[in-house]
Amino acid sequence: MKLLLLPLWIAQLFTQAKSFKNNPVIGNALLNRCGLHVLRIVLAQAIMRLRFELLGFKIDKKLKQDFYKKGFMVIEQALPDDHFTAIKNEVAQVQAEVRECKQGDTLTHRILLDEPTSTGMPATATMLSSEHYLSLHKFASGKNNRPVSYIQTIKNHFIDGPSDPQKNLHSDTFHPTMKSWYFLDDCNADNGPFTYLPGSQRLTLARLKWEYQKSIRICENGDKYSSNGSFRATATDLASMGMGEPVSLSVPANTLVIANTHGFHRRGDAAKRSMRTEIWSISRSNPYNPLPGIDLPTLAKLQNKALVWYRMYCDRKAAKRGAESSWHIVEARNTLDDPQPQPARKEAA
Ligand SMILES: O=C(O)CCC(=O)C(=O)O
Ligand SMILES: [Fe+2]
């Protein structure tokens, strides 16, 4: 019966689909022995590089070089002080729907910055639609459309549970993909700074060999996150690839970090119960499409609407099982609130 899905599984090979568990073609040990996973990586990398070039002609040379060489760019003092302060105030005062994800002992709270919410946040909306912000994000995602943005607060050690899985070094997916953090708080060893292994987004022979072996291994027995297509890397793995040490980006507030999260990265350890708030953006697209797309504001609005509907669909589906969805709504009206008491931990999907 499941074989009826075969055409869909095959079609998904030409998209960003990454789960070895949900797609038995992607997760087929024999096909991966023949090089399927590695072929997908190499093709995606070549096409995305072309898209970076198409969108990168206006980008500052040094930032572009950092992004290509290290896999991330860091812009300290990204905005004038008064603009930064205005955004921070808006984030503290916003009244909007907050969704929460529990991962290990960490809570992540997010507010989608769609039109209805960002309209009431002029300083934030000005940043998100500024030429500088947009051109950097379009370049780093190889996509000629604005990213999806959220107010995000990471609440380290807020609940009982095992360690936060985002604190294990990993690659988000098999192809170049963009995430950014405009930090509203100073980041340091207390609140888990974003941590990245410079250069780990590049395809070396050693990396491809590791990807090849891992793609076969996880078909047989992979950890949950690797089987979902976000490969975890251990210290031994890094040594086998001849890679150095990850760098903790302990940066002051008002810093913008834009990263290719195909490279190895993690959330740094947090020494204590602590929080970190940022404007977090993400942009992911089909890496096999050589065209970067067209910048239509209507498309961006639709994308946000689709996300809202998708979350509501997940809520209904979870409710039928008597559970809460992995990104469920919480009582709070902004991400700095801490609705009490916290229910018992449930593993996120
Ligand atoms: O929050 C962080 O510092 C990184 C989390 C992460 O791995 C991600 O968002 O992909
Ligand atoms: Fe990640």
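Determine by what factor the alpha-carbon radius of gyration of the chain differs from 2.2 N^0.38 Å, reporting the quotient.
Relative to the 2.2 N^0.38 Å estimate, the chain comes out at 0.98.
How much net charge surrounds Lys214 when only the other residues with a Cβ under 14 Å from the Cβ of Lys214 are counted, with Lys and Arg +1 and Asp and Glu -1?
Its environment carries a net charge of +3.
Do any of Lys21/Lys179; Lys155/Lys179; Lys179/Lys214; Lys69/Lys143; Lys58/Lys167; Lys69/Lys155 go past 29 Å between their Cα atoms, and which?
Lys58/Lys167; Lys69/Lys155
Where is the GNM fluctuation largest for the chain (alpha-carbon springs, 10 angstrom cutoff): Ala270, Ala235, Ala44?
Highest fluctuation of the listed residues: Ala235.
Order 99-108, 210-219, 53-62 from most to least packed using the mean count of other Cβ atoms within 10 Å.
With the highest mean Cβ count within 10 Å placed first, the list reads 99-108, 210-219, 53-62.
So if I take the centroid of the Cα atoms in the stretch 265-288 and the same for the stretch 65-108, what is the distance between those two points in Å?
9
Compute the relative contact order of the chain as a whole-number percentage, counting only Cα pairs closer than 8 Å that sit 6 or more residues apart in sequence.
30
Which residue, Pro252, Phe264, Leu136, has the largest displacement toward the positive end of the dipole of the stretch 9-284 when charges sit on each Cβ (Lys, Arg +1; Asp, Glu -1)?
Phe264
With respect to the cross-link table entries Lys272/Lys320; Lys2/Lys138; Lys64/Lys209; Lys18/Lys320, which display a Cα-Cα separation exceeding 32 Å?
Beyond 32 Å between Cα atoms: Lys272/Lys320; Lys2/Lys138.
Every number here is computed from the coordinates shown, using simple stated rules; none is lab data. What you are looking at is a predicted structure, and each value in this text was computed from that prediction instead of being measured. As a convention, Cβ positions derive from the backbone with ideal geometry for all residues, glycine included, and neighbour counts pool all protein chains shown.
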